[in-house]
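First up is the structure itself, then whatever we jot down about it.
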Amino acid sequence: MEITTNNLSKKYDQKKYALKEVSFKVSLNGILSIIGKNGAGKTTLFRILSTELMPTSGKAYINGYDVVNEPSKVRELIAVVPQEARAVPWLTPLQTVSSYLMWRGYTYKESRSIGRDILRTLGLEKVENEKNRKLSGGMKRKVLVATVISSEAPIIFLDEPTTGLDYLSRKELWNLLIKLKKDRLIVLTTHYLEEAENLGDIIGILDKGSMLAFDNMQGLRKLIKYPFSLKVYSDKFTVDQEVHVKKLSNNEIQIFSTEEKIFDIAKSLLANKVKFTVQEVSLNNIFEYLVEEGVED
Amino acid sequence: MKIKRSVSSQLLASVLVNAIYAMINYPVVMINTLLAPLSILAVVTFASHGTLLPIAAEGALIMNMVGNGTSVQGDLSHLKNDMKLQDMVVSSPTSAAIYISGMAISEIVYSIPTLSLLIILNLLYVHASLLGWVEIFLDMMLIFAFSTSLGFLLSTFSSDIVQSWAFSGILSPILSTIPPVYYPITYIPYPYRYLAYLSPTTYAAEIAQYAAGKIYMSSSDLLLTWLVLITFTIVMLFLAIKKSRWREY
């Protein structure tokens with residue numbers, strides 16, 4: 001499964017760029033996470049790739065098909081849950097899934113049978129004939145995800161599917177996506193960085209319409225000056241080496257530096273019996289570094 | 001995996017979602033389609049001491065078909081803006097034409113109880129020849145196609161349900177209450193009569209009234225009336241296809 005964009009741009013009303021010359025290529029079965037602040041251009045990119053919105057300039061291809069000139073070919077390959085999509089309240093989960101499959105051209109009988117199977121897989125069989133309006137927020141989201149994963153589409157687009165869900169419901173959806181990614185490409189936009197880091201095989205960081213970075217976690221770490229961090233549980237500690245220091249709370253600081261320097265500092269902390277933890281920087285740190293320049297000297 | 005896609009299934013999906021499942025879950029909505037045409041039919045019949053009943057019965061049928069068509073606007077707008085369902089359909093193998101056709105059929109299915117009652121009333125009180133009934137049927141199909149296209153066009157421009165309600169509020173009187181649908185156009189004095197000719201429903205009503213033998217028209221006037229109604233419908237279909245925003249720009 002492959003998605004390619006070349007200098008993809010979108011301007012609304014000839015004003016500011018919502019998306020500016022975005023170029024990337026991803027070819028995998030797995031999860032592509034697109035992250036960014038609100039208004040970064042995630043949904044615009046999502047909507048162009050899913051053939052809902054025309055770009056102002058540039059090209060985008062899904063498995064080699066042009067999203068602008070060959071939308072019907074692209075639509076054979078994709079299934080989409082847009083941002084803020086809601087399960088139609090007067091339908092049941094089974095009716096929701098089966099009607100979506102019928103819009104994809106499955107017969108009534110096929111769609112009901114596949115619908116039942118997928119709802120059973122997601123643990124929704126007990127509520128398959130309940131009205132959607134009676135389901136919890138997490139269940140409604142699962143019903144929407146069920147609609148697209150029940151289809152044959154090898155590329156699934158999910159625009160912020162876990163927004164507003166509690167942690168356990170989010171984890172449930174994550175587990176589901178991990179199972180699904182084995183034989184599909186899932187494009188997931190999210191503003192939960194932890195979600196993008198846990199799920200994303202490739203992560204794209206958008207800011208003000210531009211793609212700041214596009215790589216796996218290891219690749220993203222190489223983009224920043226200090227790929228290792230050390231959290232010190234003491235405020236009486238001072239360092240004189242070249243590092244970034246971030247104050248987390250009254251008695252906690254986080255130090256960012258290179259691998260060698262972090263281990264030097266760790267040795268001295270051990271000698272002084274100061275509590276600490278060492279880890280590679282998280283997506284949170286990378287995002288702050290690239291987007292917000294939140295790492296202080 | 002390549003699957004064989006069924007167009008009839010794609011059409012049926014819209015009918016199920018927008019009509020059958022909605023009717024099963026909210027039976028009260030069926031009263032909605034019944035009330036407007038029947039209430040005006042009753043008022044006109046009482047006010048005319050029954051003399052206008054046959055014309056008003058045809059008028060109620062026209063109003064119902066217009067209402068079915070323009071209802072597409074509210075329903076599509078709701079499914080698009082509030083549910084984001086249309087976005088899911090846009091990026092699926094269903095085309096705009098199939099989606100809108102399915103939704104149009106769903107509106108007819110939705111108003112089957114009302115249509116049945118109005119057809120019975122028309123069979124009882126409108127004494128048309130077989131050719132006349134064929135004319136009335138084609139007339140209803142044209143005005144339905146016109147109003148459905150108009151509804152679809154407006155729905156694609158509507159950004160929320162409140163705007164959609166406003167469109168409905170404007171369309172209903174302009175297309176079915178103010179024009180001479182429930183009575184002959186001769187009841188409207190000049191120069192207001194010219195205004196009535198701006199609405200396609202005026203032509204639809206004249207054709208139906210002529211087919212029932214309630215008004216007289218020369219062959220050339222009848223031909224012209226059909227041509228105007230057909231032109232209105234084709235132009236609106238063309239606009240709906242060309243100007244509506246199935247895919248946003």
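With the condition kept exactly as written, say whether any residue in the range B:6-25 is surrounded by 15 or more Cβ atoms within 10 Å (Cβ to Cβ), assigned to a loop (DSSP other than H, G, I, E, B) and within 14 Å of another protein chain (Cβ to nearest Cβ). Checked against the condition, which is being surrounded by 15 or more Cβ atoms within 10 Å (Cβ to Cβ), assigned to a loop (DSSP other than H, G, I, E, B) and within 14 Å of another protein chain (Cβ to nearest Cβ), the range B:6-25 yields at least one hit. What about B:Asn81, is it in contact (Cβ under 8 Å) with a residue 40 or more places away in the chain, facing chain A (nearest Cβ under 10 Å) and surrounded by fewer than 23 Cβ atoms within 10 Å (Cβ to Cβ)? Yes; evaluated as a whole, the condition is true for this residue. For the range B:26-53, the tally of residues that are surrounded by fewer than 13 Cβ atoms within 10 Å (Cβ to Cβ), modelled with pLDDT under 85 and β-branched (Val, Ile, Thr) stands at 2.
Note on the range A:207-260: residues that are crowded, with 17+ Cβ neighbours inside 10 Å and either more than 19 Å from A:Phe287 (Cα to Cα) or in contact with a helix residue (DSSP H, G or I) (Cβ under 6 Å, 6 or more places away or on another chain) (or both) total 11. Take the range A:95-115 and flag every residue that is more than 7 Å from chain B (Cβ to nearest Cβ), buried (at least 24 other Cβ atoms within 10 Å of the Cβ) and not β-branched (Val, Ile, Thr). Those that are more than 7 Å from chain B (Cβ to nearest Cβ), buried (at least 24 other Cβ atoms within 10 Å of the Cβ) and not β-branched (Val, Ile, Thr): A:Ser98, A:Leu101, A:Ser111, A:Gly115. Mind checking whether some residue in the range A:150-162 is farther than 17 Å from A:Leu188 by Cα, among the β-branched types (Val, Ile, Thr) and outside any loop (DSSP other than H, G, I, E, B)? No - not one qualifying residue is present in the range A:150-162.
If only residues of the range B:92-107 that are assigned to a loop (DSSP other than H, G, I, E, B) and farther than 25 Å from A:Arg133 by Cα are counted, the one that is farthest from the other protein chains (Cβ to nearest Cβ) is B:Ser95. Report yes if A:Glu195 is of a type in the set (D, E, K, R) and in a helix (DSSP H, G or I), otherwise no. Judged against the criteria, A:Glu195 is a match. Of the residues making up the range B:190-249, just one is among the β-branched types (Val, Ile, Thr) and part of a loop (DSSP other than H, G, I, E, B), namely B:Ile215.
The numbered conditions (1) touching an Asp or Glu at 6+ places or on another chain (Cβ under 7 Å); (2) of a type in the set (Ser, Thr, Tyr); (3) farther than 28 Å from A:Met217 by Cα are all true for A:Ser27 except (3). Set side by side, the residues A:Thr92, A:Thr56 differ, and just one is within 25 Å of B:Asp75 (Cα to Cα) and either away from chain B (no Cβ under 11 Å) or out of contact with any Leu (no Cβ under 7 Å at 6 or more places or on another chain) (or both), which is A:Thr92. Among the residues of the range A:59-76, those identified as within 30 Å of A:Ser113 (Cα to Cα) and either buried (at least 18 other Cβ atoms within 10 Å of the Cβ) or more than 11 Å from chain B (Cβ to nearest Cβ) (or both) are A:Ile62, A:Asn63, A:Pro71, A:Val74, A:Arg75, A:Glu76. Evaluate the range B:47-65: report whether one residue or more is part of a loop (DSSP other than H, G, I, E, B) and among the hydrophobic types (A, V, I, L, M, F, W, C). Yes: the range B:47-65 contains one or more residues that are part of a loop (DSSP other than H, G, I, E, B) and among the hydrophobic types (A, V, I, L, M, F, W, C).
The values are calculated or read from the model by the stated rules, or taken from the named source; none is laboratory data. Please read all numbers here as calculations on a predicted model, not as lab measurements. Using ideal geometry, Cβ is built from the backbone for each residue, glycine included, and neighbour counts are taken over all protein chains shown.
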